[in-house]
Amino acid sequence: MSTVQLISEEEATGKVREIFADIKETKKIDFVPAVWRALANHPEHLERTWRQLKAIMRPGRLDLLTKEIIALVVSITNGCHY
């Protein structure tokens, strides 16, 4: 049983809808992952977290794919089930 409501893309409005669209465009995906839908219960938190992640994941010394792979390996190493 979920303890946090996931905001669907259909029910998202205003700033949340804009951020959802930016997530899909930036990550080149056609859905909004559950973690972002959970954060959407608090639009300010969603916006701040997304803005910070975008800044971290921008290409720099490492490209985006390498950064995503590192995040995946760290999650697996830590036993993340998400």
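Quick notes
- For the stretch 16-47, the set of residues classified as surrounded by 21 or more Cβ atoms within 10 Å (Cβ to Cβ), farther than 18 Å from residue 3 by Cβ and over 9 Å from the mean Cα position of the chain (by Cα) consists of 16, 19, listed by residue number.
- Identity of the residue in the stretch 1-58, of a type in the set (S, T, N, Q) and touching a Leu at 6+ places or on another chain (Cβ under 9 Å), that ends up nearest to residue 70 (Cα to Cα): 49
- Enumeration of residues in the stretch 68-82 that are closer than 15 Å to residue 35 by Cβ, part of a helix (DSSP H, G or I) and of a type outside the set (A, V, I, L, M, F, W, C): 68, 75
- Residue count, the stretch 47-62 (criterion: part of a helix (DSSP H, G or I) and more than 16 Å from residue 21 (Cα to Cα)): 4
- Once the stretch 34-46 is narrowed to residues that are out of contact with any helix residue (DSSP H, G or I) (no Cβ under 6 Å at 6 or more places or on another chain) and modelled with pLDDT of 95 or more, the residue that is nearest to residue 20 (Cα to Cα) is 37.
The values are calculated or read from the model by the stated rules, or taken from the named source; none is laboratory data. Quantities reported herein were computed from a predicted structural model and do not represent experimental measurements. Note that we place each Cβ from the backbone using ideal geometry, even for glycine, and neighbour counts take in every protein chain shown.
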